[in-house]
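The values are calculated or read from the model by the stated rules, or taken from the named source; none is laboratory data. What you are looking at is a predicted structure, and each value in this text was computed from that prediction instead of being measured. Virtual Cβ from ideal backbone geometry, glycine too; neighbours counted across all protein chains shown. Quick note on the areas: whole protein, heavy atoms, side chains included, nothing else; ligands and nucleic acids left out. Shrake-Rupley method; radii C 1.70, N 1.55, O 1.52, S 1.80 Å.
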Amino acid sequence: MRSFSYSRADSVDQALLGIAANGHGPAGTAAAVRFIAGGTNLLDLMKADVLRPSALVDINPLPLARIEDGPDGGLRLGALVTNADTAYDDRVQARYPLVSRAILAGASPQLRNMASNGGNLLQRTRCYYFYDTATPCNKRTPGSGCAALTGVNRIHAILGASEHCIAVHPSDFCVALAALDAVVQVRGSDGERSIPFADVHRLPGDTPHIDTCLNADEIITAIDLPRQGFARHFTYLKARDRTSYAFALVSAAVGLEIEAGTVRTARVALGGVAHKPWRDPAAEALLVGKPPTAETFAAVADVLLQGARGYGHNDFKIELARRVVVRALRDAAEREPS
Amino acid sequence: MIAFPSFPDRLETPGGQIGRPVNRVDGRLKVTGAARYAAEHTAPDLAHGYIVSSAIAKGRITRIDTSAALALPGVLAVFTHENRPDLAWFDRKWKDEDSPKGSPFRPLYDATISHSFQPVALVVAESFELARYAARLVKVDYAAEPHQTDLAAVHRDAFAPSKDKGGFQPPPRPRGDADRALVEAEVTVDCHYSQPAEYHNPMEMHASTVLYNDDGTLTIHDKIQGASNSQTYVCNVFNLPKSAVRVCSPFVGGAFGSGLRPQHQLFMAVLAATQLKRSVRVELSRPQMFSFGHRPRSLQRVALGAHRDGRLRTLIHEAVQETSQFENYVEIVVNWSGQQYKADTTRLDYRLARLDVYTPLDQRAPGAATGVNAIEMAMDELAYALEMDPIALRLKNHTDIDPNTGRPFSSKELRACFAQGAERFGWSRRNPVPRSMRQGRDLVGWGVAAGVWDAMQGQAEARAVLGLDGSLMVASATADIGTGTYTVMSQIAADVLGLPLEQVRFRLGDSALPTAPIEGGSWTVSSVGSAVKAVCDKVRDRLARAALTLEGRPFGTATADDLLFTDGCIQSRIDPAQRLPLTEVMREAGLFAIEETARSLPYLLQRARHTLGTHSAIFAEVRVDADLGTVRVSRIVSAVAAGRIINPKTAGSQILGAAVWGIGMALEEEALTDHRLGRVMNHDLAEYHVPVNPDVGTIDVIFVDEEDRVVNPLGAKGVGEIGIVGVAAAIGNAIFHATGVRVRELPFTVDKILAAGGP
Ligand SMILES: Cc1cc2nc3c(=O)[nH]c(=O)nc-3n(C[C@H](O)[C@H](O)[C@H](O)COP(=O)(O)OP(=O)(O)OC[C@H]3O[C@@H](n4cnc5c(N)ncnc54)[C@H](O)[C@@H]3O)c2cc1C
C-alpha cells in the first residue's frame, strides 16, 4: 500500500513537532503531513487516492475533548469533542440549540460519534469530481480544470464561486458557527491565534485547492461560542434530497433577538450554497429595528442572494434558498420557547 | 426421471406448513455472521486482485505502463489485454443464461474502450491494500473518441428490436387506428415521461474468491443469482471441463438482478488464479459497481383518449430505452399497458437506442417498473381530465381477457386489490381536489396506481433424501438472494411429507446440485418450488407404497389416496388410529434412505391458453412541504394478488422492501451522468441516494386471496417483483394531488417540483 508514517501526539506541542518534523510542505490538498482526528473524512479521501499524505499525526490523545465555560460568558468547544457529544451536551442544548440542531441535521449517528469538531470544520467538499481522480478538478489537482462548471453540478455553489471552482463547503455545524460569530482558536509553531469564523473558510478564487486560512502546521484547539446563543429564536433548516444522511442542498442557520415585537439582532447564515457558510451583514441589517414580517424576510432573502448564479443543474438552488431563508426566519420568529 | 405435472399433482389442501409466517431458516446464520459471502472465503495462499477502470467512455488504449506497479515488492502480476492468455474466440462462448442478443463484453480482450469504468487491467498482489495502491500506479494512455451517453440526444435513431432476449415479447401489432382515435376522442391526455438509469447497488459488492485446489480444479465463491450460470461461463471462456469448476453461492447479499449475469470480477479472478496457479479474490469497489448493468434510462410517451364515461377509446404507449453498442438489452415496457386496460384501439411501440454505456441489466421488475409507471401516471391524468375517481376509471377499463392476446387471465384479483387496499387506506375520505388536503404546513396528497407482473416458470430439478432418522435433505442449485428461498422450499418439502420444519434442510447455491434456472423474474417459487414438490411427491409415493405393503397390513384396506402425511407420521383417513411414524415405515420396509430426483416442467399447454400474472393496487400518501416543495412519503398500502402465498412473512418482506425501493425510485434514485465525460459521477452511496429510515413511513401489505389452477402445482405466483411496480406512479399521483403540479420525470426531486410550479 501507499505507505505513510503514523505517530500519536500526547500534547499539542508534540503534535506541532510531529508536523514540523515532516517538513511543512505545501498547504491545501497537497499537504504531505496531516493531523488525523475522527478520520471520517481523511480516511475516505486517502482510500479514494485524493489525499496522499506521507505522515499522519494522530491528535486523539490531546486534552482537547472538553466543553468548558469560555471567556465572556461563552462556551468553549474542544476541537476533539465529538460532534455527537457536542450536540447532546446539556449546556449546548440549553444555550446554543442552534448548534445542536445543526450537528444533528448532518451525517448519521455513527459518523457523528466519530467526527470531531475540529475535523468537521476542515472537512472537504463533496463535489463528485473532487472525489473521482479520473476527472479534472482544480481543488484536487490545481490547473487541471473544473469539470463541474459544465458538468453535473446539482449540488454546487450559487454564490461566491469562481471559474476555477464551484464546490461548496458541506458542513452543517459550520453554518451554525458562522451565524453565531464563533471564534476558532488555533495554535501553530508561531504561537496562538483566534480566527473569527467568517475568516476561517475562503472563497475559491484561483486557488481552490486551499479551503481555509489555516496553515498546514496549525492545529485547531477549540471553538469559542460567544455569549449570545439565540436560544429563544433560532432555526436550523436543511433542505436536502432525503430526510437524513444527505448533505444540504441549501440550509439556513438563523438566530434572532426579538424584544417587544422588534428584532434587535439578526443572524442569517446559508449552507450548501458557497465555498463557505454565507452571510451578508446588509441582509441582516434589514431586520434590525423592525417587526419580523414576511415582507422583511423576503427582502433579506433578496439581499442574501444578490449575485447568485446557477450553472445548470443547480439553478433551482436560488429559488430554494430564497424559500429556505424566508421559512427559517419565520420559524425562528414564531418559535415558542420550549 | 421427469415428473410431468398433471392436474392431480396440484396442491389442493396444504398440510400445515404452507401459508405459515415462518421465520427465515437462515436468519440466525445471517445475523450472527456465520453466513459467509463470496468475499469472505479465504485460503492460505490467497492473493488479491484490484481492477483498474477506464477513465474514458470510448476509444482505444494506446499504451499501458505497468512497470511502476510491478516494481513494488509483493505485486505478483498485472494482467492487461497485452499479456492475457488465449481465450474463447466465438461470442457463443461468452454468453450466459441471461445474455441478450449481441456480442458479450470480453474483459481485457483488446485495446478497445466501450464504456467508462471498463476494466482495463487487473493488479494481483499479496494484500488487498497493496493491489489497490499498485492499481493506481498503472498508467493508461488513451486515444479518446467521441462518445454518446445521452439517450435524449439519440432517441430518434432508435430501432425496434426483435425477440432479442429470453422472455422478451415485442409489442403486439396495433389494434385499430389509435392515432386517429386520439384526435377524435372527447377527452385526451398526451404526456412524456422520463426515468433515469438506476444502479442495483446491493449491499454486498460483487466479488469472486477462486480457490485453486491441489489438483488444479477451481472452487469458486461467486456473487451470482445462479451458480450454474457462472460455472458454464467460466468453463466456456477458459475452456475448462465442468468437472474442474465448482461454483458456490449459498449466500448472496442482495442482488436485485445484478447477479443474473457473471460479472467481470469473476473473469478476472479466474484469469489470475489459473495463470498464477493460486487462489485469488477480486472484489469490486463501490464506484466499480457502476461499471456494469443497470436499469436502462427510458423516455416514454403515453397518449390516452376516452369516451365521456371513461372507457378508453385509444391507448398509445411508446418507449425508447438505452442499450450498449454491443448487445441488445430489451425488456417488456409497453406491453403491460395493453394487457392491463381494454381500449377500442391500441398502439404499443418499443425501441432501443445505442449508447456508449455498458449493457443494461434486469433490475427488479425490469420493464414493468418503467412502463407501468408511465401508464399509471397517465391514467391518473386522464382521471382528472374526466373528473372521475382514479380507481373508478381503472375499474371501468378492467378486463379479464388479455387484450394483447385475446386469452383469459389464469386469475386476476385486481379488483379485490383495489377494494381491500382502498378500505385499508381510507380512500373514500379523499377529497379529489388538488391542494385540498393539508396538515400543518404540509400539503397532503393521496395517489393510487395499479401494478402488474408476470407469473413465469422454468424447468428445475431437485433431489431429496429422507433418512432413517426422519431428516429430509432437499437440494437444488437455485439461489437465495435474501428472498427467503431456503425457508419457503423447506416449507414446501415439509408440507408435502408432513414433517416438522426443523427436520428439513434445503441446500442451494452450488453448481454441483441439481440444475435450477437463475433466480430472477419472480419465478423461483414457481420453478424450484414445483420441483421440490415433485420430488417430495415421489418420496411420498415410495413411502405410501411401502406403508401399504408392510407385513401385517397396519393400514388395513386403505389405498394411497387414504393416507395422510402429518406430524412425521402416516395416518389413515379412514381410521386415524392406523398411524405409523415415517421412520418406522422405513425401518420395517428395510429402507435405509429414500432418495429421489425430479424435474418439473411448466403446464405448457394450460399456460399457452392463458395470460398469467400478479396484480396489485398501491396507495400512497405524501406530505409536501408547502414552503419548500420537499416530499415525504408518509404511508403506503400495497394490496397484492399473487396466488397462494407460501410464507406471508417472507413474501410480505418482499413487498415491503420493494415499496421502500419504490420510494427511492420516486424521490431519490438517479445515476447522474456527465455526458461530456460519458461517466456516472455520483458513484458512491453518499451521493447515489437510496431511502434511509426516516424516508419511509408506514407500509401496509395486503395479500388478496387468489386461486390459480394454471400457474403451477402450488398455485403460487412469486412476489419478488410485483411490489415495486407502480409505486413511483402512486407517489407521483399523490404529489399531484397534494400540489396540483405534475412532474413526469423521475425522480421527483425538489428542483423539478419547484420548476413545475409547485408547491
Ligand atoms: C457519508 C457521509 C455523510 C456526511 N454527512 C454530513 C452532513 O450531512 N453534514 C455534515 O456537516 N457533515 C457530514 N459528514 C462529514 C462529517 O461531518 C465529517 O467527516 C467529520 O466532521 C470530520 O471530522 P473528523 O474528526 O472525522 O475529521 P478527520 O477526517 O479526522 O479530519 C478531517 C480534516 O481535518 C483535519 N483536522 C482534524 N482535526 C483537526 C484539528 N484539530 N486541527 C487541525 N486540523 C484538523 C485533518 O487533518 C483532515 O484534513 C458526512 C460524512 C460522511 C462520510
* Determine the distance separating the Cα centre of the range A:268-338 from the Cα centre of the range B:661-711; give it in Å without decimals. => 33
* To do: List the lysines whose Cα lies under 22 Å from the Cα of B:Lys101, skipping any in the same chain that are fewer than 8 positions away.
  => B:Lys58, B:Lys93, B:Lys163, B:Lys165
* Where a label projected 7 Å from the Cα of B:Asp177 along Cα→Cβ would reach, residues of the range B:308-336 with amide N under 17 Å -> B:313-316
* Considering only B:Gln169, B:Leu137, B:Ala153, whose Cα is most displaced toward the positive end of the charge dipole of the range B:98-187, charges sitting on Cβ of Lys, Arg (+1) and Asp, Glu (-1)? -> B:Gln169
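Go through A:Tyr131, B:Tyr341 and list them by solvent-accessible area, largest first, probe radius 1.4 Å. Before the final figure, lay out the partial values.
Working: A:Tyr131 40, B:Tyr341 5 Å².
The ranking, largest first, comes out as A:Tyr131, B:Tyr341.
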* Structure fact -> Checked chain B with the C-alpha gyration tensor, a ≥ b ≥ c its square-rooted eigenvalues, rounded below a/c of 1.5, otherwise prolate if a/b is larger than b/c and oblate if not; verdict oblate
* So if R0 is 51 Å, what FRET efficiency would B:Thr32 and B:Glu184 give, r being the distance between their Cβ atoms, rounded to the nearest 0.05? -> 0.20
* Would you mind giving the total buried accessible surface between chains B and A, with a 1.4 Å probe and ligands, DNA and RNA left out, rounded to the nearest 100 Å²? => 3200
* Neighbourhood charge, 12 Å Cβ-Cβ cut-off, centred on B:Ser436 and excluding it, Lys, Arg +1 and Asp, Glu -1 -> +4
* Might you work out the accessible area of A:His164 for me, using a 1.4 Å probe with all protein chains in place, and round it to the nearest 10 Å²? => 60
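Going through the cross-link list B:Lys412/B:Lys649; A:Lys139/B:Lys139; B:Lys30/B:Lys223; B:Lys139/B:Lys277; B:Lys412/B:Lys717, which pairs have a Cα-Cα distance over 19 Å in this structure? Show your work: numbers first, answer last.
Numbers: B:Lys412/B:Lys649 22 Å; A:Lys139/B:Lys139 22 Å; B:Lys30/B:Lys223 16 Å; B:Lys139/B:Lys277 26 Å; B:Lys412/B:Lys717 11 Å.
Long pairs (Cα-Cα over 19 Å): B:Lys412/B:Lys649; A:Lys139/B:Lys139; B:Lys139/B:Lys277.
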* Under the definition of Cα pairs under 8 Å and six or more residues apart, what whole-number percent is the relative contact order of the range A:233-333? -> 29
* Asked: Accessible surface of B:Cys569 in the full protein assembly, 1.4 angstrom probe, to the nearest 10 Å²?
  -> 20
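Applying 1/(1 + (r/R0)^6) with R0 = 30 Å to the Cβ-Cβ distance of A:Ser11 and A:Ala94, what FRET efficiency is obtained, to the nearest 0.05?
Details: r = 32 Å, r/R0 = 1.07.
In this case the efficiency is close to 0.40.
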* To do: Take peptides A:276-288, A:230-242, B:28-40 and line them up by average Cβ neighbours within 10 Å, highest first, as a rough protection proxy.
  => A:230-242, A:276-288, B:28-40
* For chain B, what relative contact order do you get, as a whole percent, if you take Cα pairs closer than 8 Å and at least 6 residues apart? -> 17
* Just name one of B:Asn712, B:Ala738, B:Ile753: the one whose Cα is farthest towards the positive end of the charge dipole of the range B:703-759 (beta-carbon charges, Lys/Arg +1, Asp/Glu -1). => B:Ile753
* To do: Express in nm, to one decimal, how much length is gained between B:Glu129 and B:Ser162 on full extension, taking 0.36 nm for each residue of separation and deducting their alpha carbon distance.
  => 7.2 nm
* Dipole magnitude of the protein assembly as shown about its Cα centre, charges +1 at Lys/Arg Cβ and -1 at Asp/Glu Cβ only, in debye to the nearest 20? -> 760
* Structure fact -> Candidate cut points under chymotrypsin sites (Phe, Trp or Tyr not before Pro) in the range B:77-129, DSSP loop plus at most 16 other Cβ atoms within 10 Å of their own Cβ, are B:Trp89, B:Phe90, B:Tyr109
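For the range B:91-172, which trypsin sites (Lys or Arg not before Pro) are both in a DSSP coil and crowded by at most 16 other Cβ atoms within 10 Å?
Numbers: sites: B:Arg92, B:Lys93, B:Lys95, B:Lys101, B:Arg132, B:Arg136, B:Lys139, B:Arg156, B:Lys163, B:Lys165; in loops: B:Lys95, B:Lys163, B:Lys165.
Of the trypsin sites (Lys or Arg not before Pro), the ones in loops of the range B:91-172 whose Cβ has at most 16 other Cβ atoms within 10 Å are B:Lys163.
Per DSSP helix of 4 or more residues, -39500 (n - 2.57); summed, then divided by the residues of the protein assembly as shown. What does that give at 222 nm, rounded to the nearest 500?
Details: 32 runs with 290 residues, N = 1097.
My calculation for the protein assembly as shown gives -7500 deg cm²/dmol from helical runs alone.
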* To do: Order B:His307, B:His155, most accessible first, counting only protein heavy atoms with a 1.4 angstrom probe.
  => B:His155, B:His307
* Asked: Under unit Cβ charges (Lys, Arg +1; Asp, Glu -1), what dipole magnitude, rounded to 20 debye, does the range A:1-130 have relative to its Cα centre?
  -> 460
* Structure fact -> If unit charges are put on Cβ atoms (+1 for Lys and Arg, -1 for Asp and Glu) and the dipole of chain B is taken about its Cα centre, the option from B:Gly629, B:His615, B:Tyr233 lying farthest towards the positive end turns out to be B:His615
* Asked: Using a 1.4 angstrom probe and counting only protein chains, how large is the accessible area of B:Thr345 in Å², to 10?
  -> 20
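Taking 45 Å as R0, compute the FRET efficiency from the Cβ-Cβ separation of A:Ser108 and B:Asp400 and round it to 0.05. Write out the running numbers ahead of the final one.
Working: r = 49 Å, r/R0 = 1.09.
Given R0 = 45 Å and the Cβ-Cβ separation, E is 0.35.
With an 8 Å cut-off on Cα pairs and a minimum separation of 6 or more residues, tell me the relative contact order of chain A in percent. Walk me through the numbers before you get to the answer.
Numbers: 798 pairs, mean separation 57.7, N = 338.
It rounds to 17 percent for chain A.
Assign unit charges at the C-beta atoms only (+1 for Lys and Arg, -1 for Asp and Glu), then state the dipole size of the range A:233-333 relative to its Cα centre in Debye, rounded to the nearest 20. Walk me through the intermediate numbers first.
Working: 14 positive and 10 negative charges, 57 e Å.
My answer is approximately 280 debye.
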* Distance from the range B:85-119 to the range B:241-313 (C-alpha centre basis), Å -> 14
* To do: Treating cross-link reach as a plain straight distance, find the aspartates and glutamates whose alpha-carbon is under 17 Å from the alpha-carbon of B:Lys396, omitting any fewer than eight places away in the same chain.
  => B:Glu186, B:Asp309, B:Asp344, B:Glu376, B:Asp380, B:Glu381, B:Glu387, B:Glu413
* Asked: For the range A:233-333, what % of the accessible area comes from carbon and sulfur atoms, probe 1.4 Å?
  -> 53
* Structure fact -> Mean accessible area per residue over the protein assembly as shown (1.4 angstrom probe, all protein chains present, square angstrom) is 36
* Hits among aspartates and glutamates - C-alpha to C-alpha of A:Lys47 under 19 Å, sequence gap 8 or more where chains match -> A:Asp58, A:Asp132, B:Glu126, B:Glu129, B:Glu204, B:Glu283, B:Asp684, B:Glu687
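Tally Lys and Arg at +1 and Asp and Glu at -1 over the other residues with C-beta under 10 Å from the C-beta of B:Glu707: what net charge comes out? Walk me through the numbers before you get to the answer.
Numbers: positive: B:Arg644, B:Arg709; negative: B:Glu413, B:Asp705, B:Glu706, B:Asp708.
Net local charge, B:Glu707 excluded: -2.
In whole percent, and with a 1.4 Å probe on the protein chains, what portion of the accessible area of chain B is carbon and sulfur?
On the way: 13300 of 26510 Å².
For chain B, the apolar C and S fraction of the accessible surface comes to 50 percent.
Taking the DSSP beta bridges in the range B:600-759 as the whole, what percent of them are antiparallel, to the nearest 5? Could you put the intermediate results ahead of the total?
Details: 13 of 20 bridges.
The answer is about 65 percent antiparallel.
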